[in-house]
Amino acid sequence: MQAVCDVALVAGVEVETNVKGGEGVDHMALAAHWEKQRGISEFVFPHLFARRARAWKEAYGGTSRDLAGVVWKSRRHARDNPDALHHHTDTSLDALDTVSDHNRTFLEDPDLHDHMRIADSTEFTDGAAAVILATEAGLARLGLRPDDCTELLSYGFSVRALGAETDPTRLVNVAAAARQALGDAGLARPRTWMWPRFTTASA
């Protein structure tokens with residue numbers, strides 16, 4: 001692959017706290033297929049994620065506690081980053097797995113209501129991240145050694161409409177990107193991509 005430039009700064013910024021919650025929900029729904037999916041629920045993405053969670057539980061015997069373990073793991077990592085949203089949060093696995101005033105279920109669909117809690121959902125917040133990408137020639141210009149950096153062997157890129165997903169237990173788009181990245185890196189390609197069976201450590 002021929003590099004277009006030797007050094008590039010890649011940045012991502014998201015601002016969500018400049019509008020009220022109701023308007024913010026509409027803004028988030030724009031990331032889905034508005035005409036087809038906005039009407040399925042007041043909360044489009046929690047609805048879609050709850051549908052996947054329910055299907056995964058039914059297919060693989062997963063539990064809400066397994067999913068709470070994913071949240072708990074992420075918040076444990078956040079405590080190591082002083083800039084993270086939940087840097088000062090000390091929430092136990094039991095608390096994340098318990099429905100309460102601070103962690104209520106909120107979807108109106110009775111078939112999905114029990115599969116999505118506040119802690120399982122994306123929060124409205126602001127954030128940003130950036131990374132510098134450079135070729136070996138770019139590193140030389142920056143005065144850096146390859147040993148001081150993380151080498152990018154390959155990457156995968158795939159686009160698929162959310163409404164095109166037919167099996168909520170499969171991450172088809174992720175699988176396509178993973179096959180591309182592993183193939184470009186000369187590694188074995190996975191035939192399918194399925195939800196893993198999570199195991200959680202006690203908090």
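The values are calculated or read from the model by the stated rules, or taken from the named source; none is laboratory data. None of these values were measured; they are calculated from a predicted model. Counting neighbours? That spans all protein chains shown, and the Cβs are built from the backbone with ideal geometry, glycine included.
Please go through the range 64-96 and pick out each residue that is of a type in the set (Gly, Ala, Ser) and either in a helix (DSSP H, G or I) or surrounded by 18 or more Cβ atoms within 10 Å (Cβ to Cβ) (or both).
Once the filter is applied, which keeps residues that are of a type in the set (Gly, Ala, Ser) and either in a helix (DSSP H, G or I) or surrounded by 18 or more Cβ atoms within 10 Å (Cβ to Cβ) (or both), the range 64-96 yields Ser64, Ala68, Gly69, Ser74, Ala78, Ala95.
Given the conditions (1) surrounded by 12 or more Cβ atoms within 10 Å (Cβ to Cβ); (2) part of a helix (DSSP H, G or I), which single one is not true for Glu16?
So Glu16 meets the others, but not (2).
Please verify whether Ser41 is surrounded by fewer than 16 Cβ atoms within 10 Å (Cβ to Cβ) and farther than 30 Å from Pro146 by Cβ, treating the condition exactly as stated.
no
Could you pull out the residue among Gly138, Gly61, Gly143, Gly156 that is closer than 20 Å to Leu9 by Cα and surrounded by fewer than 16 Cβ atoms within 10 Å (Cβ to Cβ)?
Only one candidate passes the filter, namely Gly143.
Among the residues that make up the range 41-54, is at least one of them over 18 Å from the mean Cα position of the chain (by Cα), assigned to a helix (DSSP H, G or I) and not small (Gly, Ala, Ser)?
no
Taking the range 125-155 as the search range and keeping residues that are of a type in the set (D, E, K, R) and in contact with a helix residue (DSSP H, G or I) (Cβ under 9 Å, 6 or more places away or on another chain), which one is farthest from Val7 (Cα to Cα)?
Selected residue: Asp148.
Could you tell me whether any residue of the range 59-75 is within 22 Å of Ala164 (Cβ to Cβ) and more than 17 Å from the chain's Cα centre (by Cα)?
Checked the range 59-75: at least one residue is within 22 Å of Ala164 (Cβ to Cβ) and more than 17 Å from the chain's Cα centre (by Cα).
Under 6 Å between Cβ atoms, at least 6 apart or on separate chains: pull out the pairs that start in the range 4-20 with a residue that is among the polar types (S, T, N, Q) and end on any residue that is surrounded by 10 or more Cβ atoms within 10 Å (Cβ to Cβ) and at pLDDT below 90.
Filtered contacts from the range 4-20: Thr17/Asp126.
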